[in-house]
Amino acid sequence: MSSTERKKKKIRLLFVCLGNICRSPAAEGVMATVVEKYGLQDLIEVDSAGTSGWHEGELPDERIRIHGERRGYVFDSPARKFRDSDFKDFDYIFVMDRQNLSNILSLATDKEQTNKIHLMTEYLQQYVHDHIPDPYYGEASGFELVLDLLEDACEGILQTIKKKHHSELT
Ligand code: 4NP
């Protein structure tokens, strides 16, 4: 089979926050848009999950949906809790803050799983921030900040993946 005939394995990205109703579904939606912008939708897949199952099955919080819509995004991924099989199913797991980081790290059972976990803010290119702040109990400006940071970090993730997986993506 030639390389052009071979079916390429998708690179799978999972975004994780606490409730999976504000930050991580927004990260999923922003990343899906960035992936489409680069024409890589057949090669990169995105999903999101929460470290808690408090909002299981709910649509993203209305506030993040409204702020997202103003920027042209549709955030409609129902909430689910992170599960052990996510370590097998995803190549990269991006967490929003250090609490998410320690929760997911505590579930990892080997080095391969641990190595998949990354802090979202490591990929910021324009902003300097050490976590994506939880907007849930805050004001509208918090939701705008989340989107500003996610747009910046998602672009950074795409550039990193393009470099690292150059042969798989071309
Ligand atoms: P998220 O925000 O982790 O960005 O989805 C939150 C959503 C819900 C709650 C906390 C944070 N909560 O306490 O229910």
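The values are calculated or read from the model by the stated rules, or taken from the named source; none is laboratory data. Source: prediction; values computed, not measured. Reconstructed Cβ throughout: ideal geometry from the backbone, glycine too, with neighbour counts over all protein chains shown. Ligands, DNA and RNA are excluded from the accessible area calculation, which covers all protein heavy atoms including side chains. Shrake-Rupley method; radii C 1.70, N 1.55, O 1.52, S 1.80 Å.
Ranking Leu119, Tyr92, Asn103 by Cα position along the charge dipole of the chain, where only Lys, Arg, Asp and Glu carry charges on their C-beta atoms, puts Tyr92 farthest toward the positive end.
Step through the table entries Lys9/Lys162; Lys10/Lys164; Lys116/Lys164; Lys8/Lys111; Lys10/Lys163, compare each Cα-Cα distance with 23 Å, and write down the pairs that go over it.
Details: Lys9/Lys162 15 Å; Lys10/Lys164 14 Å; Lys116/Lys164 14 Å; Lys8/Lys111 25 Å; Lys10/Lys163 16 Å.
Violating the 23 Å Cα-Cα cut-off are Lys8/Lys111.
Counting only heavy atoms of the protein chains, get the accessible area per residue of the chain (1.4 Å probe) and round it to a whole Å² value. Working shown, then result.
Values: 9030 Å² over 170 residues.
For the chain, the solvent-accessible area averages 53 Å² per residue.
Helix 23-37 axis versus longest C-alpha principal axis of the chain: approximately 40°, rounded to the nearest ten. By the helix-only formula, in which each DSSP H run with n ≥ 4 contributes -39500 (n - 2.57) and the sum is divided by residues, the chain has a 222 nm mean residue ellipticity of -12500 deg cm²/dmol. Based on Cα contacts under 8 Å between residues 6+ apart, the stretch 1-122 shows a relative contact order of 29 percent. Going by accessible surface with a 1.4 Å probe and the largest first, Arg83, Arg63 read Arg83, Arg63. Working from label points 7 Å from Cα in the Cα-to-Cβ sense, the Ser141 to Arg83 distance is 4.1 nm. Estimated at 0.36 nm per residue, the fully extended path between Asp148 and Thr160 surpasses their Cα-Cα distance by 2.4 nm. Dipole size of the stretch 40-169 about its Cα centre, with +1 on Lys/Arg Cβ and -1 on Asp/Glu Cβ: approximately 260 debye, rounded to the nearest 20. Given their separation in residues at 0.36 nm each and the Cα-Cα distance between them, Gln126 and Lys10 gain 39.0 nm when the chain is fully extended.
Can you pull the percent of the stretch 27-170's accessible area that's carbon plus sulfur, 1.4 Å probe, other chains left in place?
Numbers: 3740 of 7700 Å².
It is 49 percent, rounded to a whole number.
Tell me, what is the Rg over Rh of the stretch 60-170, with Rh the Kirkwood radius over Cα pairs? Intermediate values should be presented prior to the final figure.
Numbers: Rg = 15.1 Å, Rh = 15.5 Å.
My calculation of the ratio gives 0.98.
Convex hull volume per residue, computed on the Cα atoms of the stretch 1-144, equals 135 Å³.
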